[in-house]
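These notes are about the structure you will find just below.
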Amino acid sequence: MKLASPHSAITSALCLVAVGYTDTILRQHLLEKTPISEVCEKHQITPTQFYQWQKTLFENGPAAFAKTAGKRAHNQAEARLAKLEDKLKRKDEVIAEIMAEYIVLKKNLGAS
């Protein structure tokens, strides 16, 4: 069994604290143009950790837009479904009218 060194435990603890603030940390560099060295020093993280978070953000960024596109597609599908249901209802009404006329004609022809 391998024991963790005190240094790695402290680093892990700092990373766990920083994980909740990754978006804030990344924004400081990406939007506010704060140099990475200052951001890392301020939040006590390594530049390697910063770059890992940035890589994760860029790799998973398209998923945020895919959800929006998925919702849009879902809304379009719901609208199409409602339109088709209305069309089916109109057809059912037409069929009912034709059947009623058919029954009346059949009775009239059968009675003669």
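The values are calculated or read from the model by the stated rules, or taken from the named source; none is laboratory data. Worth saying up front: this structure is predicted, and the values here are computed from it rather than measured. Note that each Cβ is placed from the backbone with ideal geometry, even for glycine, and that neighbours are counted across all protein chains shown.
Could we say that Leu30 is at pLDDT below 50 and under 32 Å from the mean Cα position of the chain (by Cα) here? No: the conditions fail for Leu30. Apart from one condition, Met1 fits all of (1) modelled with pLDDT of 90 or more; (2) assigned to a loop (DSSP other than H, G, I, E, B); the exception is (1). When you look at Thr11, is it at pLDDT 50 or above and surrounded by 10 or more Cβ atoms within 10 Å (Cβ to Cβ), yes or no? For Thr11, the condition - at pLDDT 50 or above and surrounded by 10 or more Cβ atoms within 10 Å (Cβ to Cβ) - is not met.
Pairing each residue of region 20-45 that is assigned to a loop (DSSP other than H, G, I, E, B) with any residue that is surrounded by 13 or more Cβ atoms within 10 Å (Cβ to Cβ), provided the two are 6+ apart or on different chains, yields C-beta distances under 6 Å for Thr34/Gln28; Gln44/Leu14; Ile45/Ala18. Report yes if Asn75 is surrounded by fewer than 10 Cβ atoms within 10 Å (Cβ to Cβ) and either modelled with pLDDT of 95 or more or polar (S, T, N, Q) (or both), otherwise no. Judged against the criteria, Asn75 is not a match.
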